[in-house]
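The values are calculated or read from the model by the stated rules, or taken from the named source; none is laboratory data. Bear in mind that the values here come from a model prediction, so they are computed numbers and not experimental data. Counting neighbours? That spans all protein chains shown, and the Cβs are built from the backbone with ideal geometry, glycine included. Surface areas here come from the heavy atoms of the whole protein model, side chains and all, with no ligands, DNA or RNA. Shrake-Rupley method; radii C 1.70, N 1.55, O 1.52, S 1.80 Å.
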Amino acid sequence: MTLFKLNLRRLRVSKVGIIYNDAKPAACRAATEIKDKLKERGVKVCTAPGTGGILGYATQPHPLHRTPIDKIAPDDFDQEMMFAIVLGGDGTVLSASRQLAPPGIPLLAVNTGHMGFLTETYLNQLPLVLEQVLEGNYIVENRTMIAVEVCQADEVLWEALCLNEMVLHREPMTCMCHFEIKIGRHAPVDIAADGVIISTPTGSTAYSLSAGGAVVTPGVEVLQLLPICPHSLASRALIYGEKEPVIIYPASPNQLVMVVDGNGGCYVLPEYQVRVQRSPYHAKFIRLHPPEFFQVLREKLGWGLPHIAKPTSVELP
């Protein structure tokens with residue numbers, strides 16, 4: 001049975017992209033059906049797997065394997081593309097955001113995974129949603145991204161675009177890490193911890209939240225620095241202006257590991273520096289209605305639900 005029945009008579013759409021999780025059969029089937037239906041109506045469709053935006057984990061022989069930020073977009077995904085449909089879970093959305101941000105392509109995130117915190121709709125709702133989007137009945141929400149660079153002196157050795165967070169931490173079976181961190185023009189601070197997280201407002205509900213950080217609403221122009229299991233009670237999460245660049249100097253003799261958005265990363269040697277700053281690119285999310293962040297928190301994470309179950313047998317005032 002065909003899932004998608006699109007009425008494109010009134011549409012003026014020339015080019016659409018599809019990024020999908022090729023490890024999920026449902027996402028693969030949906031990508032094929034959408035592509036066929038759009039092509040029947042004369043729309044050019046470009047497809048790419050979500051793995052194209054995954055950074056990949058470095059290995060000891062290749063500790064700094066990288067793809068330059070401006071080279072990560074799939075072939076033919078350019079400014080002529082009206083939008084891209086992303087089929088997968090949050091991992092696929094994070095991957096797609098890196099691929100689509102440099103050319104400035106809005107993404108329609110369709111959940112075929114589990115949590116789907118970043119997604120806008122579900123697969124069974126897609127036919128009606130897609131017609132609405134193709135008719136231009138949507139708004140675009142910009143989400144802050146950060147650019148992460150690993151440098152030695154003034155040479156950039158590795159770089160990545162990041163929507164959620166950058167994590168710099170120790171390898172297993174090594175001692176506590178020491179960091180000297182400079183934020184903007186402010187004096188450097190020393191932190192002893194298992195690692196540090198720098199997160200965007202989008203990433204404040206991810207690893208940062210699990211590590212004890214604050215939830216930040218997406219429109220607030222801040223970033224968050226969070227020590228992981230700090231040695232001192234005084235080392236707590238710090239929220240600072242997103243225009244402030246950050247430089248992290250590893251102050252331990254041990255090799256560290258950096259992971260970006262949980263998708264991959266590189267090794268960081270003691271002589272390297274990690275530089276983090278707001279990216280000029282934004283992740284552009286298609287929203288069918290004005291974003292309601294508290295509702296998403298409630299539905300996905302249970303935030304704000306009553307903490308006492310009220311018995312139905314008792315009449316309440």
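Consider region 271-306 and keep the residues that are over 26 Å from Phe117 (Cα atoms) and out of contact with any Leu (no Cβ under 8 Å at 6 or more places or on another chain). The one that is most open to solvent (accessible area, probe 1.4 Å) is Glu271.
I need the full set of residues from region 74-98 which are assigned to a strand (DSSP E or B) and under 16 Å from Thr112 (Cα atoms), in order please.
If the condition is that a residue be assigned to a strand (DSSP E or B) and under 16 Å from Thr112 (Cα atoms), then Ala84, Ile85, Val86, Leu87, Gly88 are the ones that fit.
Against the list (1) farther than 23 Å from Thr200 by Cα; (2) surrounded by 20 or more Cβ atoms within 10 Å (Cβ to Cβ), the condition Gln99 fails is (1).
Of everything in region 203-222 that is of a type in the set (S, T, N, Q) and open to solvent by less than 30 Å² (accessible area, probe 1.4 Å), the residue that is farthest from Arg236 (Cα to Cα) is Thr205.
Under the condition of being in a loop (DSSP other than H, G, I, E, B), in contact (Cβ under 8 Å) with a residue 24 or more places away in the chain and open to solvent by 20 Å² or more (accessible area, probe 1.4 Å), the residues counted in region 237-262 number 8.
Candidates are the residues of region 67-98 that are among the hydrophobic types (A, V, I, L, M, F, W, C) and over 17 Å from the mean Cα position of the chain (by Cα); the one that is nearest to Phe285 (Cα to Cα) is Phe83. Screening the candidates Val167, Val196, Val133, Val150 for the property of being open to solvent by less than 40 Å² (accessible area, probe 1.4 Å) and part of a helix (DSSP H, G or I) yields one hit, Val133. The requirement of being surrounded by 13 or more Cβ atoms within 10 Å (Cβ to Cβ), on the phi < 0 side of the Ramachandran plot and of a type in the set (Gly, Ala, Ser) is fulfilled nowhere in region 175-187; no residue meets it.
Taken over region 78-122, the criterion of being modelled with pLDDT under 90 and of a type outside the set (Gly, Ala, Ser) is satisfied by Thr112, His114, Met115, Phe117. Scanning region 99-130 for residues that are under 16 Å from Gly50 (Cα atoms) and part of a strand (DSSP E or B) returns Leu107, Leu108, Ala109, Val110, Asn111.
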